[in-house]
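All remarks here apply to the structure that follows.
The values are calculated or read from the model by the stated rules, or taken from the named source; none is laboratory data. Bear in mind that the values here come from a model prediction, so they are computed numbers and not experimental data. Virtual Cβ from ideal backbone geometry, glycine too; neighbours counted across all protein chains shown. Please note that ligands, DNA and RNA were not included when accessible areas were found on the heavy atoms of the full protein model with its side chains. Shrake-Rupley method; radii C 1.70, N 1.55, O 1.52, S 1.80 Å.
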Amino acid sequence: MKRIDAALHTTGEAQFVDDVPPPADMLHAAVFGSPVAHGTILMLDTSAARATDGVVAVLTAADIPGENQIGSIIQDEPLLADGAVHYIGQPVAVVVAESSEIARKGAHRIKIDIEKRPVITDPREAFAQGEIIGTPRTFVLGDVEAAWAKCDLVLEGRCDIGGQEHVYLETQRARAVPLEGGVVRVYASTQSPYAGQKAIANVLGLANHNVEVDVKRLGGGFGGKEDQATAWSCLVALAAWHTGKPVELVLRRDEDLRMTGKRHPYSSDFKIGVMRDGMIRAYEAKHYQNAGAAADLSTAVMERTLFHSTNSYFIPHVKAFAASCRTNLPPNTAFRGFGGPQGMFVIESAIAKAAEALGMPREAIQRKNLLEDGDLFPYGQRVERGEATRTWDEAAAAYDLPGLRQRIDAFNAAHFETKKGFAVMPICFGISFTTTFMNQASALVHVYTDGSVSVTTGGIEMGQGLTTNLTSIAAQAFGIRPERIKVESTNTTRVANMSPSAASATTLLNGNAMMIAIEQIMDRLKTFAAGEIHVPDPAKITLDDEAVLYDGSETGWTWARLVQTAYLNRIGLSAHGFFATPDIYFDKKKETGRPFAYHIYGTAITEVTLDCLRGVYDIESVKIVHDLGRSINKLVDLGQVEGGLAQGLGWMTVEDLQYNDEGRLLSGALATYKVPDAYFMPDDLQVRFLEDAEEPLGPYGSKAVGEPPLMYGIGVFFALRHAMRAFRGAVDLAFTAPLTPERVLMGLHPEGVEAPPVAFGAEG
Ligand code: MTE
Ligand code: HPA
Ligand code: MOS
């Protein structure tokens, strides 16, 4: 089956929030953000904005009828700044006008006087000053303190990991429409309609049922719309509440870059204890997370860093500490991998350092320490049906890992300024929201009398192919053609209390909820059909390609006839399904439990060529063996693997998020913030899906796929480091990501390159 929305996207027919024809009287909003990263507001003068022709309203914190609060996990984030500002771009006022141009013109006329306070952008500095969000956490396995003395070699190091901008094609936006009786309907681009509904209700002082949030699809979310879509929905709802008119807000790219949070930068310390044979005996990590100015999802992201702090390795003695540190940057947030990638980068760095010290290939240490069934994660869960060694060995064999090392060694011996490098990157990623209660979902299924089907779930289509997956699953569960199935917009009046579409678990949760609803309808239909067809056992009735079968044989009945007859006999043709992931729990006091339903494994081999005089490089190949159970749609899954990899490669190499000491974003445009393009991707990209890896919990044996492939991208950092080492074995190389060509060059030539004398004038 093709992707359901492929034609709509290629023709441009697919509708996003602002593509739906606007009501005639719709107004437009623009946000006035703080020009200063930290300070006290002494004066805010909106009179010139109000006096601007075409401006209808200027709203500030004082105009919020309910609570000025949108924090989800911790209530520490005002919708509009009240008295103080904590980051550049923090919304202070919203201007509502007849056009977005006028609204922005009005916003420019707002005057603000801020008494500046010290700005912190560095997480270690924030930690030292006690600027900590929530409580720091520590995961422990065994006894590291006792283990160090028994190790042959103990190494320490530091990692500095950059953040990452989501660069969803569709910037943040929302449209609010006031309805009768004080009800407001918001069309939003959010991964979390229920979070939006709750926040709007809270801000406006309404009951949840008076707020309706509707989401058709997202032009990408990548985690950036899990929590951070909420503010814009609240602002348009507030504006509609005051003006009584529909209001739309669409952030420009530069506003979106400046005002929204990103992947968390981390600064981490590691200590690793190894034996001469490459066994890892002990590992300690301390993670300082740069949370930005408010909690947002930071504490949950930090928790996942701890869960993934040993990646796919078994280490008997582990101590992993993490603290979420408050800085004067936009609140950082979910981004594909949700803290996992940062934790994995640090252990991979520690292994690289150990390999260099032991004079062993990095991959020898990695392979030796891979997780096996029965091994303990440092959070008390045991490995069940692990695929770490299987994906590794299959990748090594299929892509000739031994030959690759020989080929690269030979190349490097024969070349001076060009060096090649490679790295193996195994991944292990836990599937489930780490916050256990979030692992629940609902679905509403209607069968119409013509046999067509309407499905609503709490899941959001954000480009990951959810609609295609749900359509396939529903068609298979009913035994009818996919054309019969229509997946509706996600709407809080049809499905209540949904968790965000996140944690790669959307198909798992919502697909199962939908199947449970379908099962109820099918049970009714089968019982009814048994009577009509005069057969004894309803359980032996099945549907295949719209034909009603009994014990596998034709009955002469079709789906269409069955549905029509059932309707006339007053059989209910709608159902609501509810699913909660079984057997997961976590005890935060003991920091142990079984937080994940299962884990995703895989292995990638990355090869690079590096120009050691210029710092520029090519990613020659990435070859992957990935575990996704039994695929629902192989092309959708391949798209997720390739897209995730692209984002991981970008994060590790060219996506360089820079703030200055005043907290101002320097890479504030797509001219200065580089994202990988088609040319950047490896020419040779191969993906094999692991066979015989069905997951009983997933719809039709499928496994989650959304986030894990991003972490294959980490391999490129170590492949580049390998090439750098081939050029200069002894130089001190930092574990600082992204490894931009500039950083490669400065790393390889720390003494500096003396510039030749330049004669000015001749060429200008
Ligand atoms: N793929 C596309 N095209 N667009 C997206 O926004 N988000 C990613 C991933 N793949 C995303 C994507 C993230 S962060 C997650 S958590 C999952 O998709 C969410 O969808 P899933 O649960 O269906 O995998
Ligand atoms: N992943 C993504 N989003 C989340 C999670 C998670 O594990 N926990 C809470 N929100
Ligand atoms: Mo994904 S970071 O869980 O939205």
Could you work out how far apart the two model spin labels at Tyr567 and Leu745 are, taking each label as a point 7 Å from the Cα in the direction of the beta carbon, and quote it in nm? 7.0 nm
For Asp227 the rounded accessible area (nearest 10 Å², probe 1.4 Å, non-protein molecules ignored) is 20 Å²
Where the Cα atoms of the range 440-580 are projected onto their three principal axes, how long is each span, largest first, in whole Å? 46, 25, 25
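Which of Lys198/Lys526; Lys216/Lys245; Lys353/Lys623 have a Cα-Cα distance over 31 Å?
Details: Lys198/Lys526 40 Å; Lys216/Lys245 22 Å; Lys353/Lys623 24 Å.
Beyond 31 Å between Cα atoms: Lys198/Lys526.
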For the range 79-217, just say rounded, prolate or oblate: build the C-alpha gyration tensor, square-root its eigenvalues into a ≥ b ≥ c, call rounded for a/c under 1.5, and beyond that prolate if a/b exceeds b/c, oblate if not. prolate
Which three extents, in whole angstrom, do the alpha-carbon atoms of the range 518-663 cover along their principal axes, largest first? 82, 44, 31
First measure r as the distance between the Cβ atoms of Ala6 and Ala730, then evaluate 1/(1 + (r/R0)^6) with R0 = 51 Å and state the FRET efficiency to the nearest 0.05. 0.45
Accessible surface ranking that places the most exposed of Lys353, Lys540 first, with a 1.4 angstrom probe: Lys540, Lys353
If you rank Met344, Met438 by how much accessible surface each has, with a 1.4 Å probe, what is the order from largest down? Met438, Met344
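Going from the alpha-carbon gyration tensor of the range 347-421, what semi-axes, largest first and in whole Å, does one get by taking the root of 5 times each eigenvalue?
In descending order the semi-axes read 30, 16, 8 Å.
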What accessible surface, in Å², does a 1.4 Å probe find on Asp152, ignoring ligands, DNA and RNA and rounding to the nearest 10? 70 Å²
Just to be sure I understand the curve: with the Debye formula and one point per C-alpha of the chain, what is log10 I(q)/I(0) at q = 0.07, 0.10 Å⁻¹? -0.54, -1.05
Taking the Cα centre of the chain as origin, sum charge times position over the Cβ atoms of Lys and Arg (+1) and Asp and Glu (-1), and report the length of that vector in debye to the nearest 20. 680 debye
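Please give the contour-minus-distance gain from Gln406 to Thr558: 0.36 nm per residue of separation, less the Cα-Cα distance, rounded to one decimal in nm. Mind showing how you got there, number by number?
Working: separation 152, 0.36 × 152 = 54.72 nm, distance 6.22 nm.
Contour length minus Cα-Cα distance gives 48.5 nm.
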Taking the alpha-carbon centre of each part, the distance from the range 416-435 to the range 579-627 in Å is 6 Å
Label-point separation (nm) for Glu417 and Phe578, each offset 7 Å from Cα along Cα-to-Cβ? 6.9 nm
Lys111: accessible area at probe 1.4 Å, nearest 10 Å²? 110 Å²
Suppose every Lys and Arg Cβ carries +1 and every Asp and Glu Cβ carries -1, with no other charges. What dipole size does the range 440-580 come out with about its Cα centre, to the nearest 20 debye? 360 debye
Accessible heavy-atom area order of Leu635, Leu238, highest first, probe of 1.4 Å: Leu635, Leu238
Using a cut-off of 18 Å between alpha-carbon atoms, which lysines can reach Lys319, once sequence neighbours fewer than 8 places away in the same chain are excluded? Lys150, Lys271, Lys286, Lys588, Lys589, Lys590
With -39,500 (n - 2.57) per DSSP H segment of 4 or more residues and division by the full residue count of the chain, the 222 nm estimate, nearest 500 deg cm²/dmol, is -8500 deg cm²/dmol
